[in-house]
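Down below is the structure, laid out as structure tokens.
The values are calculated or read from the model by the stated rules, or taken from the named source; none is laboratory data. Here the structure is a predicted model, which means the values were calculated and not measured. We place every Cβ from the backbone using ideal geometry, glycine too, and count neighbours over all the protein chains shown. Surface accessibility is based on the protein's heavy atoms, side chains included, excluding ligands, DNA and RNA. Shrake-Rupley method; radii C 1.70, N 1.55, O 1.52, S 1.80 Å.
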Amino acid sequence: MAVEDRVVQFGRPAADPPGSWGVPALLLGAEMKIERGSLTQRQVLQKARVKVSASVYSRIENGETRIDKPAVVEVLLDALGVRPGPRRQDLLRLAHDASAEGWANTVRSRAGVAYREAVSDSMLRLTSLEEWAERQLVIDTNVISGVLQTPRYREVVTAKTLLAGQRRLADRIIDVRRRRAEQFAAAQPRSTFFIRCGALYADFGQTEMMVEQLKLLLRYVDDKESPVAIRVIEAVNPLAIQVTALIRLSFAKGSFAAPDVIYTEAGARAEFHRGPLAGEEADSDYLDYQDLSDTVIKQAPGLAKSRKLIADALDWHLDRL
């Protein structure tokens, strides 16, 4: 299909893009930032033939949002001075592809008002990026990593860790987390999970639940065919920067090379940090988190030691039954 056939009228959504929006939106925003050069976003918007809000432009350039109306990007490309040709065609293709809903978008938009608050904007973006991930590194300091949780562990931990303002949404949040775990189980990207040793002993008053959870972790460890690896972090404070979770996603290389993305959580705050494109200077926060994750990888014990730490924790819980 020619790119011209995929461009839609301003204000109408594109039909049938080939995949979820996360990586195309990431790449589109990064490339549009390059096109902007020394101009400010405000200067670009002043040149636009159709009014586009500053917040929409900022979110597009940061790769934070699904492009539900790709023709908005046409307006911005005109304002940026991107003329017809292969470069513009590539950017319009990315805009089209970035209009595709991910599974979390579908849940939030089609499950009614009840799920709108339970699926945050950061969850929409994270789950869409996860759909594209070829490899991921996950570091958790307080609990077992979400996609590895048993249903009972997920229920208990969610109830114990939600902020006060979120507790009324517990059932819906648990359901969204369940769906995310199912997506992971179906896709099975190459993954290494780093779990702090203390999390293996935190049973939240539910010893039987923890026995079941640790047995599941051991099944992952003992499955030599699984693309999932688990390492136990013995350090008391493995993340020198105060975050409770870090996910580093790497993507398959296509016509546009997608840089790694690092997602971090600290309390209610979630942030995304994009690696640099070729020839681009890396963001300092990204470099800090990259160094941090590299340090955790180097310091974590190997397979045999990690398995022993999980088995020791399991024995400790079994003795308490």
**Q.** Any pair with Cβ under 8 angstrom, 6 or more apart, that starts in segment 70-81 at a residue that is touching a residue at least 24 places away in the same chain (Cβ under 8 Å) and ends at one that is among the aromatic types (Phe, Trp, Tyr) and crowded, with 20+ Cβ neighbours inside 10 Å
**A.** LEU76/TYR57
Q: Please verify whether segment 181-198 includes one or more residues that are touching a Gly at 6+ places or on another chain (Cβ under 8 Å), within 17 Å of LEU126 (Cα to Cα) and at pLDDT 95 or above.
A: yes
Q | Criterion: hydrophobic (A, V, I, L, M, F, W, C) and over 21 Å from THR244 (Cα atoms) - qualifying residue of ALA278, ALA300 | A | ALA278
Q) Where residues in segment 164-218 are basic (Lys, Arg) and open to solvent by less than 70 Å² (accessible area, probe 1.4 Å), which of them is nearest to GLY302 (Cα to Cα)? A) ARG196
Q: Could you tell me which residue of segment 130-148 is most open to solvent (accessible area, probe 1.4 Å), considering only residues that are of a type in the set (S, T, N, Q) and closer than 20 Å to ALA268 by Cβ?
A: ASN142
Q | Meets criteria (buried (at least 18 other Cβ atoms within 10 Å of the Cβ) and among the β-branched types (Val, Ile, Thr)) for THR264 | A | yes
Q. Taking segment 80-116 as the region of interest, how many residues are open to solvent by 60 Å² or more (accessible area, probe 1.4 Å), assigned to a loop (DSSP other than H, G, I, E, B) and farther than 17 Å from LEU27 by Cα?
A. 3
Q. Of these, ALA235, ALA229, which one is within 30 Å of ASP319 (Cβ to Cβ), part of a loop (DSSP other than H, G, I, E, B) and open to solvent by less than 60 Å² (accessible area, probe 1.4 Å)?
A. ALA235
**Q.** Inter-residue pairs, beta-carbon under 8 Å, first more than 16 Å from VAL138 (Cα to Cα) and in segment 216-237, second surrounded by 14 or more Cβ atoms within 10 Å (Cβ to Cβ) and polar (S, T, N, Q), 6+ apart
**A.** LEU216/THR150
**Q.** Candidate set from segment 42-74 (those that are among the polar types (S, T, N, Q) and not in a helix (DSSP H, G or I)); member that is most open to solvent (accessible area, probe 1.4 Å)
**A.** ASN62
Q. Which of the residues belonging to segment 146-163 are under 19 Å from the mean Cα position of the chain (by Cα) and touching a residue at least 60 places away in the same chain (Cβ under 8 Å)?
A. LEU148, GLN149
Q: Confirm whether ALA159 is open to solvent by 10 Å² or more (accessible area, probe 1.4 Å), modelled with pLDDT under 95 and touching a helix residue (DSSP H, G or I) at 6+ places or on another chain (Cβ under 9 Å).
A: yes
Q.
From the list LEU77, LEU28, LEU39, exactly one residue is farther than 22 Å from LEU126 by Cβ, at pLDDT 95 or above and either under 21 Å from the mean Cα position of the chain (by Cα) or crowded, with 16+ Cβ neighbours inside 10 Å (or both). Which is it?
A. LEU77
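Results for (1) of a type in the set (Asp, Glu); (2) in contact with a strand residue (DSSP E or B) (Cβ under 7 Å, 6 or more places away or on another chain); (3) in a helix (DSSP H, G or I); (4) more than 10 Å from ILE144 (Cα to Cα), shown as yes or no for each residue.
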position	(1), (2), (3), (4)
ARG178	no, no, yes, yes
GLU182	yes, no, yes, yes
SER191	no, yes, no, yes
ALA199	no, yes, yes, no
ALA202	no, no, no, no
GLY205	no, no, no, yes
MET209	no, no, yes, yes
GLN213	no, no, yes, no
LEU216	no, no, yes, yes
